[in-house]
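Scroll down for the structure; my scribbles are underneath it.
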Amino acid sequence: MKSWMAVLWSVLAGLAVAEDWQPVTEERLLRAGDDPDHWLSHGRSWREQRFSPLADIDEDNVHRLGLAWHFDVATQHGMESTPLVADGRMYVTASWSVVYALDAATGELLWEYDPEVPRETSIRYCCGAINRGVALWQDKVYVGTLDGRLVALEARSGEPVWQVQTTDPEKNYSITGAPRIAGGQVLIGNGGAEYDVRGYVTAYDAETGAQRWRFHTVPGNPAEGFESEAMARAAETWTGEWWKLGGGGTVWDAIAYDPELGLVYIGVGNGAPHNHRLRSPDGGDNLYLTSIVALDARTGDYVWHLQQVPGESWDYTATQQMALVDIEWQGEPRRVIMHAPKAGFFYLIDRETGELLSAEPFATVTWASHYDLETGRPVERPGQRYEEDKALVFPTGLGAHNWNPMSYSPLTGLMYLPVLDFGGEFKGTPAEEFQPLERHWNVGYDIQGPRGPELFIQALMQHLPQGSLLAWDPLAQREVWRVRHARPTNGGTLATAGNLVFQGTSDNGFHAWRADTGEPLWSWPVQNGVQAGPVSYRANGEQYIAVTAGRGGALSMVLGLELPDGSTPVNRVLAFRLDGEAELPPVPARVLPEPLPRMAVSRAELERGQQLYDLFCSRCHGIHAVSDGSIPDLRHLPVAWHEHFEAVVLEGLMERAGMPRFDDVLDRDEVRLIQAFVLERANQDAERRAAPAWWTTTRQWFYRKVVGALDWMMRRSIEASTPATAAE
């Protein structure tokens, strides 16, 4: 708890920053779409369109955009937060659910709140210790913490007002998404489907923290009764003893609210385990997995649903952002939800009735050929469920579009999507071999990174997963323009009335394009990858563009894409304005230790070490032991850490710093093989760096050409005309 002097200083500093600070009321949120100066909720307004009406910065002067200020945070873990801005104050989160209040014009720290999430619980978090932001209501700031709490803070001082534990602390739940406000309530979901939990969303009274309602997304044990008729109906679509595996269906990100209709829309996640055959052995749609569900905002009662992927089996979540837009559709006015989730289809859904109006692929898709609009169901391609044999499937579970926000411009009528075009091989785990693990991922299929020489792997990871910025016409359901990026995992987007689209990329850049044509107009090196979505606001009469820069999170960590210069990234909040003259400090030179010699193990033992690494380590430390920089790169460990390798992995020596122990699934011999694989990778990296530049460049060029040819052949071998059958 802060001292009384610290509290007094925070209050006085806040008063000095914004004497005209006003509570964030329902009236302000209702007119937020027409209020250009602020960014009051996660998607700027309740419509979640991420469009700023500000046009001081436009296509003609954006080349003058310069850094106004930056604020460094004290962790290298992922930065995925969307900053909120109200009356000259910016509220932003960093990893471990830490909240910062900043002066939006200068970046000066006003207050900081650390919920002190126990680092020992890091094993529960599938995708890093990240957080996507806060919510504002009246005089409070709300944040969901990684360990499952919802905390209300006083907006001027950062002092806690109330907190509630929204999850069972004995189970592997987590919270990474931003809360939402609806009718004086704070709505929050949770994550953890990979760890066998049961999803739900909860509404709390924004003033007191009292629970108003809770909606479960999948049914529990029938013997214990069902919470609602919706759960009883859902249970009819499940088979076997699914409740023993949790079921999944976590609402870990997307929530939207339509105050005119009085409806809350939730995007429901994947099944637990992912493999449909394991959790529901005799089939079934498994409601309400991978669905958009509409609820009565006052009571949480079910109103309608649209299931996008019946019997989900590929980690295709519907938890990606929903934009609420009013359009003319086939000559009639429609209130719609625009949705572009992992499954690779862009959906238009009537948000009053749940009717599917259109669904067209915006990336390479093989699991389904199209949707039957009469039934609202996908028409699946045979063999893609990997039940009898392995299958090459597009997209992977990383998604054609993941959590990184999209933006819609009512001026161009286009949606701006960060797209990942990437396929992967699925090989199901037989039921008799499936052994759920208490603290680890339970997906039900093999997780293995690519094999081969290091330069070939680097070329493979840079070429096959194709990242791009896509401008999509939702009415014509077609691509208008596309910008291909050098790397696959890129940030969210912002559209503005200045005919601009902003997006950060994983290769150290922040960029602006003409919104109508895709013409590149401006770029700025941010010394880090950008995953989050930018925002725009006005402070002291000037328009600002702000974004959080930081690597980390599932896509970045798993793919393990280093910064181009190999530097250690610094996580920051950056704000830009016209003729800004601030500069970032120079990147310090990186000094890498010499690796220890390779361990004396057989080729079979080394392969076993890689298999164990892929299973337990790659989700944080990266495929092929290449880190994205948000956590230590195991190839570059100092000697002292190798001397204590077993103590770290088995005994939890670094558990309080966020490195979990694995004594529940590994023994000493297996840890030795993982260490042998890490040292093999360390020596390969050292040899690559020591090789003449011309030789490395030549080999890299050759591998890229080979991978490019393989990619070309693979993508064109996908049989678009394969007979398709409607999903049962």
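The values are calculated or read from the model by the stated rules, or taken from the named source; none is laboratory data. Keep in mind that what you see is a predicted model, and the values were worked out from it rather than measured. No Cβ is skipped: glycine too gets one built from the backbone with ideal geometry, and neighbour counts run over all protein chains shown.
Pick from segment 295-310 the residues that are of a type in the set (Val, Ile, Thr) and in contact with a Phe, Trp or Tyr (Cβ under 9 Å, 6 or more places away or on another chain): which of them is surrounded by the fewest Cβ atoms within 10 Å (Cβ to Cβ)?
299
Name every residue in segment 423-441 that is touching a residue at least 12 places away in the same chain (Cβ under 8 Å), out of contact with any strand residue (DSSP E or B) (no Cβ under 7 Å at 6 or more places or on another chain) and closer than 21 Å to residue 393 by Cβ, in order of residue number.
431, 434, 441
Under the condition of being assigned to a strand (DSSP E or B) and aromatic (Phe, Trp, Tyr), which residue from segment 303-341 is farthest from the chain's Cα centre (by Cα)?
Restricting to residues being assigned to a strand (DSSP E or B) and aromatic (Phe, Trp, Tyr), the top hit is 329.
Could we say that residue 396 is in contact with an Asp or Glu (Cβ under 7 Å, 6 or more places away or on another chain), at pLDDT 85 or above, assigned to a loop (DSSP other than H, G, I, E, B) and not aliphatic (A, V, I, L, M) here?
Against the criterion (in contact with an Asp or Glu (Cβ under 7 Å, 6 or more places away or on another chain), at pLDDT 85 or above, assigned to a loop (DSSP other than H, G, I, E, B) and not aliphatic (A, V, I, L, M)), residue 396 does not qualify.
Scan segment 404-422 for residues that are at pLDDT below 95 and out of contact with any strand residue (DSSP E or B) (no Cβ under 6 Å at 6 or more places or on another chain) and jot them down.
422
Looking at 234, 256, 230, which is the one that is of a type in the set (Gly, Ala, Ser), touching a residue at least 40 places away in the same chain (Cβ under 8 Å), surrounded by fewer than 23 Cβ atoms within 10 Å (Cβ to Cβ) and within 24 Å of residue 352 (Cβ to Cβ)?
Only one candidate qualifies: 230.
Output the number of the condition that residue 354 fails; it satisfies all remaining conditions of (1) farther than 30 Å from residue 282 by Cα; (2) in contact with a Phe, Trp or Tyr (Cβ under 7 Å, 6 or more places away or on another chain); (3) small (Gly, Ala, Ser); (4) surrounded by fewer than 22 Cβ atoms within 10 Å (Cβ to Cβ).
Of (1) farther than 30 Å from residue 282 by Cα; (2) in contact with a Phe, Trp or Tyr (Cβ under 7 Å, 6 or more places away or on another chain); (3) small (Gly, Ala, Ser); (4) surrounded by fewer than 22 Cβ atoms within 10 Å (Cβ to Cβ), only one is false for residue 354: (1).
Could you please find all residues in segment 49-75 being more than 18 Å from residue 504 (Cβ to Cβ) and either among the aromatic types (Phe, Trp, Tyr) or surrounded by 22 or more Cβ atoms within 10 Å (Cβ to Cβ) (or both)?
Once the filter is applied, which keeps residues that are more than 18 Å from residue 504 (Cβ to Cβ) and either among the aromatic types (Phe, Trp, Tyr) or surrounded by 22 or more Cβ atoms within 10 Å (Cβ to Cβ) (or both), segment 49-75 yields only 49.
Out of all the residues in segment 42-78, which are out of contact with any helix residue (DSSP H, G or I) (no Cβ under 7 Å at 6 or more places or on another chain) and either free of Cβ contacts under 8 Å to residues at least 24 places away in the same chain or within 18 Å of residue 320 (Cα to Cα) (or both)?
Result: 42, 43, 48, 49, 50, 51, 60, 74.
Scan segment 398-411 and give yes if some residue there is surrounded by 20 or more Cβ atoms within 10 Å (Cβ to Cβ), among the polar types (S, T, N, Q) and closer than 17 Å to residue 274 by Cα, otherwise no.
Yes.
Go through the residues of segment 76-96 one by one and say whether even a single one is within 22 Å of residue 496 (Cα to Cα), of a type in the set (A, V, I, L, M) and surrounded by fewer than 20 Cβ atoms within 10 Å (Cβ to Cβ).
No, segment 76-96 has no match at all.
Based on this model, can you work out whether residue 171 counts as modelled with pLDDT of 95 or more, surrounded by fewer than 24 Cβ atoms within 10 Å (Cβ to Cβ) and over 25 Å from residue 584 (Cβ atoms)?
No: the conditions fail for residue 171.
Which pairs turn up if I take residues in segment 664-692 that are under 23 Å from residue 651 (Cα atoms) and look for partners that are of a type in the set (S, T, N, Q) and surrounded by 19 or more Cβ atoms within 10 Å (Cβ to Cβ) with beta carbon separation below 7 Å, at least 6 apart in sequence or on another chain?
Here the result reads 677/610, each pair linking segment 664-692 to a residue that is of a type in the set (S, T, N, Q) and surrounded by 19 or more Cβ atoms within 10 Å (Cβ to Cβ).
Please tell me if residue 112 is surrounded by fewer than 20 Cβ atoms within 10 Å (Cβ to Cβ) and touching a Lys or Arg at 6+ places or on another chain (Cβ under 9 Å).
No; evaluated as a whole, the condition is false for this residue.
Taking the condition more than 30 Å from residue 398 (Cβ to Cβ) and under 27 Å from the mean Cα position of the chain (by Cα), does residue 232 pass?
no
One line per residue, one yes/no per condition, for (1) among the polar types (S, T, N, Q); (2) crowded, with 18+ Cβ neighbours inside 10 Å:
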site	(1), (2)
602	yes, no
615	no, yes
622	no, yes
644	no, no
660	no, yes
680	no, yes
685	no, yes
693	no, no
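Considering only segment 596-653, state which residues are among the polar types (S, T, N, Q) and within 24 Å of the chain's Cα centre (by Cα).
Hits for segment 596-653 are 618, 627, 630.
Out of all the residues in segment 483-492, is one or more touching a residue at least 12 places away in the same chain (Cβ under 8 Å) and part of a helix (DSSP H, G or I)?
No, because not a single residue in segment 483-492 is touching a residue at least 12 places away in the same chain (Cβ under 8 Å) and part of a helix (DSSP H, G or I).
Report, by residue number, each residue of segment 106-140 that is in contact with an Asp or Glu (Cβ under 6 Å, 6 or more places away or on another chain) and either within 26 Å of residue 46 (Cα to Cα) or of a type in the set (A, V, I, L, M) (or both).
Scanning segment 106-140 gives 117, 130, 132.
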